[in-house]
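The values are calculated or read from the model by the stated rules, or taken from the named source; none is laboratory data. Model, not experiment: these values are computed from the prediction. Cβ placement follows ideal geometry from the backbone for every residue including glycine, while neighbour counts extend to all protein chains displayed.
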Amino acid sequence: MELVRGDRPAGQRYTVNFVADVAAVANTFAEATETLRRLACDCGVVRHLMRGRSEPLDIGRRTAVWTTAQRRAISRRDDGVCRFVACHRRTCDIHHVHHYDKGGRTAVDNGILLCPRHHTAVHEGGFGITGEPNGTLTFHRPDGSVLGPS
């Protein structure tokens, strides 16, 4: 996986080029899925499936990314801080509440600010979110119990 800074649309932080040998990832891809989803929340992602080092099998499209205007609107609505319960960190990513890979839109009413710690907790730590970004969100622990509203 490589992060590319150059030649990106306004508002896009990074482009992740996920290059993988189809045979190598067949058994291990599930372990990396949530990490890739977390990165895709606030990056463009292009998938490159290869056979060996030189035979491209499938080059996917770039995922939808947050525009500068959407970033400003979400940051203003969320007061520039992480929406996770009792967190006030200001360095944040934008998270798709209803994930893009599962039909969620890249729209202000589907994005929230999460600091890197809580963004990782949601994707890789099993924490869940219910509710609407423009209203009250409820965070759930991995066991399903309610952590509290935000």
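List of remarks:
- Boolean, His95 is touching a residue at least 60 places away in the same chain (Cβ under 8 Å), in the same structural domain as Ser75 (by TED's automatic domain parsing) and surrounded by 20 or more Cβ atoms within 10 Å (Cβ to Cβ): no
- For segment 133-147, the criterion of being touching a Lys or Arg at 6+ places or on another chain (Cβ under 9 Å), at pLDDT 95 or above, closer than 22 Å to Thr35 by Cα and not assigned by TED's automatic domain parsing to the domain that holds Glu34 is met by at least one residue.
- For segment 103-114, the tally of residues that are within 12 Å of the chain's Cα centre (by Cα) and either in a helix (DSSP H, G or I) or surrounded by 19 or more Cβ atoms within 10 Å (Cβ to Cβ) (or both) stands at 5.
- Residues of segment 60-77 include none that is in a loop (DSSP other than H, G, I, E, B), surrounded by fewer than 15 Cβ atoms within 10 Å (Cβ to Cβ) and at pLDDT 85 or above.
- Residue ID - farthest from Gly104 (Cα to Cα), chosen from residues in segment 128-150 that are without any contact (Cβ under 8 Å) to a residue 40 or more places away in the chain and among the hydrophobic types (A, V, I, L, M, F, W, C): Val146
- Contact map, segment 105-124: first residue of a type in the set (Lys, Arg), second residue surrounded by fewer than 18 Cβ atoms within 10 Å (Cβ to Cβ), Cβ cut-off under 6 Å, separation 6 or more or different chains; the map is empty.
- Taken over segment 115-130, the criterion of being crowded, with 18+ Cβ neighbours inside 10 Å, under 12 Å from Phe84 (Cβ atoms) and in contact with a Ser or Thr (Cβ under 8 Å, 6 or more places away or on another chain) is satisfied by Cys115, Ile129.
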